[in-house]
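Asker: Below you will find the structure I want to go over with you.
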Amino acid sequence: MPSERADPSRTLPLAAGSITRQRLLVASRALRSLLLGAAAILGAVLLFRQGLLPLIDAVFQPGAVWLSAYRRVGILLVAVAAYWAYVRWHEKREATELRLQPLRLALGGASGAALVGLPIAALFALGAYESTLFRGFSPALLGVAGIIGIAAVLEELLYRCLLFRVLERAWGTGVALAMQSVVFALMHLANVEQGGAGDVVAMLVSVTLLGLLWGGLFVLARNLWVVAAHHAAWNFTIVLSGVPLSGNEDWRALAPIEGRYAGPDWLTGGMFGPESSLLVMVSIAVAVVLLLRSARRRGAFFSPASEALR
């Protein structure tokens, strides 16, 4: 009886089908983790704002100023607590990215201020920005700093700690960096809703680069507070310079310097502010390259969960 040899071509469709199913499984798990994490964080914030905060107001009647402070601090605390619970119960691990590291946090803040402050100083020196009035430091800026700090922590919690990490686990560090930076940029489209096509393109490029910057810093530091300090210091430095922050004009009247544009939009950043300045974008791009090279040398890039399927 002639021997039967397995036809390799018959096994290929099965293997390909198995790999496809495994990849779909990886994608579905990532989506489930993202939805669960987002529901935990946003649900906790909603519960605080709609439940606990009105109760605090009714019982203690703290007044508008204190109630606003309670709202901001409370949102920060419940969001971080919800993320911690998600990591502990869903991912079943220690939330090491929430550990406070004071020295690294200070370095993160200083580097964030310097990275945007030096190009802005150069733009003033070149005459692209002009100072028309010096007001001095207003105590109201302390409140602005608090708002900016809380907003930076919340954004880093959602985009880097949750979105980036889940994507990284599924598809690896490189893909996760690209995807989270694009999502981060798209979520800022409303900041240039009154601008033209050129403003929108410049904003998308600049905020995508910022997403890569803070994503790369997270890859290197693996710490929420370090990245949030860099993010907050970056934003507050722009506010102190008296120019728009990500298209926001609300705090310019409080800045120590009253600044105005005197150069072309490609150099000043136009209505979106210095983040869309070519000089600032080049600075970000250089920082991203250096961060990612350092992260690779230290072995901080991870392969995707689906690597074994290849």
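The values are calculated or read from the model by the stated rules, or taken from the named source; none is laboratory data. The structure displayed is predicted, hence computed values, not measured ones. Glycine gets a Cβ as well: all are built from the backbone with ideal geometry, and neighbour counts include every protein chain shown.
Asker: Among the residues of the range 78-100, how many are closer than 14 Å to residue 222 by Cα and either of a type in the set (D, E, K, R) or surrounded by fewer than 15 Cβ atoms within 10 Å (Cβ to Cβ) (or both)? Steps first, answer last, please.
Answerer: Kept after step one, since they are closer than 14 Å to residue 222 by Cα, are these residues of the range 78-100: 94-100.
Filter again for either of a type in the set (D, E, K, R) or surrounded by fewer than 15 Cβ atoms within 10 Å (Cβ to Cβ) (or both), leaving 94, 96-97, 99-100.
Qualifying residue count, the range 78-100: 5.
Asker: While we're on this one: Can you name the condition, by its number, that residue 174 falls short on among (1) farther than 30 Å from residue 71 by Cβ; (2) among the small types (Gly, Ala, Ser); (3) without any contact (Cβ under 8 Å) to a residue 40 or more places away in the chain?
Answerer: (3)
Asker: Hey, among 23, 32, 49, 71, which residue is touching a residue at least 40 places away in the same chain (Cβ under 8 Å) and charged (D, E, K, R)?
Answerer: Working: 32 fails: touching a residue at least 40 places away in the same chain (Cβ under 8 Å); 49 fails: touching a residue at least 40 places away in the same chain (Cβ under 8 Å); 71 fails: touching a residue at least 40 places away in the same chain (Cβ under 8 Å).
Going through 23, 32, 49, 71 in turn, just one is touching a residue at least 40 places away in the same chain (Cβ under 8 Å) and charged (D, E, K, R): 23.
Asker: Sticking with this structure for a sec: I'd like to check something: does the range 33-48 contain any residue that is within 27 Å of the chain's Cα centre (by Cα), assigned to a helix (DSSP H, G or I) and either of a type in the set (Val, Ile, Thr) or closer than 30 Å to residue 263 by Cβ (or both)?
Answerer: Taking the range 33-48 and keeping what is within 27 Å of the chain's Cα centre (by Cα), we get 33-48.
Going one step further and asking which of them are assigned to a helix (DSSP H, G or I), we end up with 33-48.
Filter once more, so that each one left must be either of a type in the set (Val, Ile, Thr) or closer than 30 Å to residue 263 by Cβ (or both): 41, 45.
Yes, because at least one residue in the range 33-48 is within 27 Å of the chain's Cα centre (by Cα), assigned to a helix (DSSP H, G or I) and either of a type in the set (Val, Ile, Thr) or closer than 30 Å to residue 263 by Cβ (or both).
Asker: Give me the residue from the range 173-194 that is out of contact with any Gly (no Cβ under 7 Å at 6 or more places or on another chain) and modelled with pLDDT under 95 and, out of that set, nearest to residue 37 (Cα to Cα). Lay out the reasoning, then the answer.
Answerer: Of the range 173-194, the ones out of contact with any Gly (no Cβ under 7 Å at 6 or more places or on another chain) are 173-176, 178-179, 182-183, 186-190, 193-194.
Still in the list and also modelled with pLDDT under 95: 186-190, 193-194.
Values: 186: 20, 187: 18, 188: 21, 189: 24, 190: 24, 193: 29, 194: 33 Å.
Taking the candidates together, the pick is 187.
Asker: If you don't mind, there's one more thing I want to ask. Do any helices (runs of 4 or more DSSP H) entirely within the range 195-310 hold 3 or more residues that are within 24 Å of residue 97 (Cα to Cα), and if so, which?
Answerer: Details: elements: 197-221, 224-240, 265-268, 278-297.
Answer list for the range 195-310: 197-221, 224-240, 278-297.
Asker: Checking the conditions here, which among 192, 289, 243 is buried (at least 24 other Cβ atoms within 10 Å of the Cβ) and either more than 18 Å from residue 156 (Cα to Cα) or in the same structural domain as residue 76 (by TED's automatic domain parsing) (or both)?
Answerer: Numbers: 192 fails: buried (at least 24 other Cβ atoms within 10 Å of the Cβ); 289 fails: buried (at least 24 other Cβ atoms within 10 Å of the Cβ).
Being buried (at least 24 other Cβ atoms within 10 Å of the Cβ) and either more than 18 Å from residue 156 (Cα to Cα) or in the same structural domain as residue 76 (by TED's automatic domain parsing) (or both) holds for just one of 192, 289, 243, which is 243.
Asker: Would you mind listing the helices (runs of 4 or more DSSP H) fully within the range 131-194 where at least 3 residues are farther than 16 Å from residue 232 by Cβ and not small (Gly, Ala, Ser)?
Answerer: On the way: elements: 140-156, 165-171, 173-186.
Once the helices (runs of 4 or more DSSP H) in the range 131-194 are filtered for at least 3 residues that are farther than 16 Å from residue 232 by Cβ and not small (Gly, Ala, Ser), what remains is 165-171, 173-186.
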